[in-house]
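A quick write-up on the structure given underneath.
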Amino acid sequence: MTFDEFPSILKNSMCEEQKSMKAVNEALQRIKRNLEKEHDIIKHASAQSLDDIVNLNVRGMPMTAKRSTLRIFKDSQLDRQFDDAIWSKQQTDTPCIKKWSFEQVADWAKHHDEIPDEAAGLFEENKVTGLELLAFGREDLKELGISRPGTLA
């Protein structure tokens with residue numbers, strides 16, 4: 001059966017779907033170009049080294065910020081995470097979280113005081129990789145056996 005032999009309502013629906021997908025693709029390409037422009041602007045506008053520029057993935061939304069901006073609220077989790085003492089110890093050759101092995105996830109969890117030992121143990125026991133960790137939601141953490149998933153937020 002060829003496309004021309006499909007019922008007209010089905011052909012119209014498929015054509016509309018194709019138009020919608022094309023529009024969404026164009027919108028995503030615009031967003032990507034704008035993000036790249038924004039990143040370039042931040043690079044050029046920053047008097048600090050590029051090591052002080054932080055690229056984040058916030059629920060699938062890429063964001064770029066200066067480390068000093070993330071540290072505005074003293075004694076906050078972000079302030080502690082991006083503190084000079086901790087920041088300088090971080091290796092620049094560390095692979096992105098998506099590529100972490102379950103050992104790297106367990107090691108990361110064990111070295112964060114805010115993450116209960118119970119959770120770190122469960123990550124290791126269940127061989128949770130970095131990609132899986134990024135995909136977890138509250139319910140996934142509960143299924144894993146973490147009784148208080150809010151402690152990981």
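State the number of residues belonging to segment 108-122 that are of a type in the set (A, V, I, L, M, F, W, C), closer than 25 Å to residue 79 by Cβ and open to solvent by less than 60 Å² (accessible area, probe 1.4 Å).
So the answer is 4.
Residues are listed down the side, and each one gets a yes or a no for (1) surrounded by fewer than 10 Cβ atoms within 10 Å (Cβ to Cβ); (2) in a helix (DSSP H, G or I); (3) modelled with pLDDT of 75 or more:
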position	(1), (2), (3)
34	no, yes, yes
37	no, yes, yes
41	no, yes, yes
51	no, yes, no
54	no, no, yes
69	no, yes, yes
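Would you check if there is a residue in segment 121-138 being at pLDDT below 85 and among the basic types (Lys, Arg)?
yes
May I ask you to list pairs of residues, at least six apart or on different chains, whose Cβ atoms are under 8 Å apart, with the first in segment 114-134 being farther than 13 Å from residue 147 by Cα and the second being among the charged types (D, E, K, R)?
As it stands, the answer is 124/103; 130/98; 130/99; 131/98; 131/99; 134/98, since those pairs meet every condition given.
Can you tell me which residue within segment 73-87, out of those that are surrounded by fewer than 10 Cβ atoms within 10 Å (Cβ to Cβ) and at pLDDT 80 or above, is nearest to residue 114 (Cα to Cα)?
75
Going residue by residue through segment 88-101, is there one that turns out to be modelled with pLDDT of 85 or more and surrounded by 12 or more Cβ atoms within 10 Å (Cβ to Cβ)?
Looking through segment 88-101, at least one residue is modelled with pLDDT of 85 or more and surrounded by 12 or more Cβ atoms within 10 Å (Cβ to Cβ).
The values are calculated or read from the model by the stated rules, or taken from the named source; none is laboratory data. Quantities reported herein were computed from a predicted structural model and do not represent experimental measurements. Here the Cβ is made from the backbone with ideal geometry for all residues, glycine too, and neighbour counts use every protein chain on show. Each accessible area value is taken on the protein alone, full model and side chains, heavy atoms only, with ligands, DNA and RNA left out. Shrake-Rupley method; radii C 1.70, N 1.55, O 1.52, S 1.80 Å.
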